[in-house]
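Read the figures in this text as sums done on the coordinates, not as results from a lab. Since the model is a prediction, treat every value here as computed from it, not as a measurement. A quick note on method: Cβ atoms are made from the backbone with ideal geometry, for glycine too, and the neighbour counts reach across all protein chains shown.
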Amino acid sequence: MTSMPPHQKINYTEFPASDLPAVKAFFADAFNWSFTDYGPDYTAFSADSAGLDGGFFRSDLTATTATGSALVVLYSNDLEATQATVESNGGAIIKSIFSFPGGRRFHFTDPNGNEWAVWSDQGLESP
């Protein structure tokens, strides 16, 4: 028996991407996400690999906080290592690691220019 998704809860998210192969390669290599293609203009990722079901649709648009987009924030146990992985796989750091009450985070753009963030509560100095 298949269970129904929770009523009125976030279930899926979609992002624009002008270069689907590049975005798939980036997230597969940097974050170990897996994808299922649905034709030439759409690829989906699963909650099993990404934490939430979603996908990328072919578009020249980008999702950034400067244009009013929601910001998706990933979690890391090792923020510095994750930032290095993002950079080595073609992500561009747009806000270096900074502290906020309860954690630290950085912002980056994927190869298509969409903005993401990664946060951690690890590595905080004790008061």
Helix-only [θ]222 nm of the chain, DSSP H runs n ≥ 4, -39500 (n - 2.57) each, per residue, nearest 500: -5500 deg cm²/dmol
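Can you give the FRET efficiency for Tyr42 and Glu87, using 1/(1 + (r/R0)^6), R0 = 25 Å, r = Cβ-Cβ distance, to the nearest 0.05?
Numbers: r = 28 Å, r/R0 = 1.11.
After rounding, the FRET efficiency stands at 0.35.
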Please determine, in degrees from 0 to 90 and to the nearest 10, the orientation of helix 20-31 with respect to the longest principal axis defined by the Cα atoms of the chain, where the helix direction is its Cα long axis. 40 degrees
Lys and Arg at +1, Asp and Glu at -1: neighbours of Leu52 with Cβ under 14 Å from its Cβ sum to -2
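To the nearest 20 debye, what charge dipole does the chain have about its Cα centre, counting +1 at the Cβ of each Lys and Arg and -1 at the Cβ of each Asp and Glu? Walk me through the numbers on the way to the answer.
Working: 6 positive and 15 negative charges, 55 e Å.
Charge dipole of the chain: 260 debye, to the nearest 20.
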What is the list of residues in segment 27-41 whose amide nitrogen lies under 12 Å from a point 7 angstrom out from the Cα of Phe57, following Cα to Cβ? 41
Within segment 49-72, what residues put their amide N at less than 17 Å from the label point 7 Å along the Cα-to-Cβ vector of Ser3? 49, 51-53
Angle in degrees between helix 79-88 and the longest Cα principal axis of the chain, rounded to the nearest 10: 50 degrees
